[in-house]
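In what follows, a structure is listed as structure tokens, so that the remarks can point back to it.
The values are calculated or read from the model by the stated rules, or taken from the named source; none is laboratory data. These numbers come from a predicted model, not from an experiment. We place every Cβ from the backbone using ideal geometry, glycine too, and count neighbours over all the protein chains shown.
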Amino acid sequence: MQVGPNFIVLGVAKGGTTSFHNYLQQHPDIYLTPIKETNYFARKALDPNKFRPAFKAASTIDVEKYVNGDMQNTVHMANVFSTEHYEKLYKNAGSAKALGEVCTSYFMVNESMLQIKEELPNAKVAVILRNPIERAFSGYVMAVKLGQIINKDFLTAVKEDYNAQPKGYGITFNFLEGGLYADSLKLMFETFSEEQRKVVLYDNYSQDVSGTLKSFFKFIGVDANIDIDTSQKSNAGGMPRFKWLNYIAYQMGWARQMARNLLPKSIKQKLAKTMYKEGSKPAMSANEKAWLIDFFRQDVNKTAKILGADLSHWLT
């Protein structure tokens, strides 16, 4: 690869990566791909034709047209599977010192890390790990918010998704699989040297955003003393005001994606306030939490051992 990133944030989904991406964008020495999640390094393991319809619609754009344009309109996700197209995503990098991407498929799709190492042997990688129980519930809340799930309680949705066939990234929601970190973390540690890798615990990140960013800036070699506005949070939860209208809008994935990519940010914010109720997120029941603790216990203990960290609070 002639032009590409020197750092990549691998995930995880519902781990605060969208807010993290937005904070990184504020740094004058950092350039991020205008398509937040390109799936480029996962390309050999992904088949968009197998994606669930709405996910496929949400990740489908005319990539060639986009990369040959001015790329001023940012896109959340697309399938950039051509090296030529991927390299063009960095054409506006200018004099930025750190070039990067934030893509949540890379930690879950293990082939991605091997592909990164093959194409970018000196790149630095990082991952944000969130309590898998909280992550699973947050994923469910987001799915309900977006109209992807309707009239289905948390555990029913989680179990049906886990037992679904076929399954995988973009095919199922991966409420549980996305929080099984140990195997992916082991591969990350085996593939990248200690100097090349960084693990951020979401607990620490959420409690000290500025400190986490300063540490990350040092990791990728840019000025750590740049002030970042961390007041805005992205992908916040909230329940739909009009459940069935929201569900129909989700089924029309092409319409949602068109609105997301073409409407000005101010209009999208007004629509969000109309469609969703703030402060209306459901709470996880004690029985639901107990079931998830039993499910994740072994993997959390393995993850803690790999990190040499105490993660016992994830299981309480």
Answer yes or no as to whether Ser82 is closer than 19 Å to Val125 by Cα and of a type in the set (Gly, Ala, Ser). no
Condition check: loosely packed, with under 15 Cβ neighbours inside 10 Å and of a type outside the set (Ser, Thr, Tyr). Does Ala126 satisfy that? no
Does Ile150 satisfy the criteria of being in a strand (DSSP E or B) and either of a type in the set (S, T, N, Q) or within 25 Å of Trp291 (Cβ to Cβ) (or both)? no
Within the range 273-315, restricting attention to residues that are at pLDDT 95 or above and among the polar types (S, T, N, Q), which residue is surrounded by the most Cβ atoms within 10 Å (Cβ to Cβ)? Thr303
Do any residues in the range 204-230 that are at positive phi and assigned to a helix (DSSP H, G or I) have Cβ atoms under 6 Å from those of residues that are surrounded by 14 or more Cβ atoms within 10 Å (Cβ to Cβ) and of a type in the set (Val, Ile, Thr), where the two are at least six apart or on different chains, and which pairs are they? none
Are any of the residues in the range 184-204 at pLDDT 95 or above, within 24 Å of Asn287 (Cα to Cα) and surrounded by fewer than 18 Cβ atoms within 10 Å (Cβ to Cβ)? yes
Only listed residue being surrounded by 13 or more Cβ atoms within 10 Å (Cβ to Cβ), modelled with pLDDT under 95 and not in a helix (DSSP H, G or I), chosen from Asn246, Asn261, Asn235, Asn174: Asn235
Pair list, Cβ under 6 Å, 6 or more apart: the range 80-97 residue surrounded by 13 or more Cβ atoms within 10 Å (Cβ to Cβ), other residue among the aromatic types (Phe, Trp, Tyr): Val80/Tyr40; Val80/Tyr86; Tyr86/Tyr40; Ala93/Tyr31; Ala96/Tyr31
Please determine whether any residue of the range 129-149 is at pLDDT 95 or above, farther than 15 Å from Phe175 by Cα, crowded, with 23+ Cβ neighbours inside 10 Å and in contact with a Ser or Thr (Cβ under 8 Å, 6 or more places away or on another chain). no
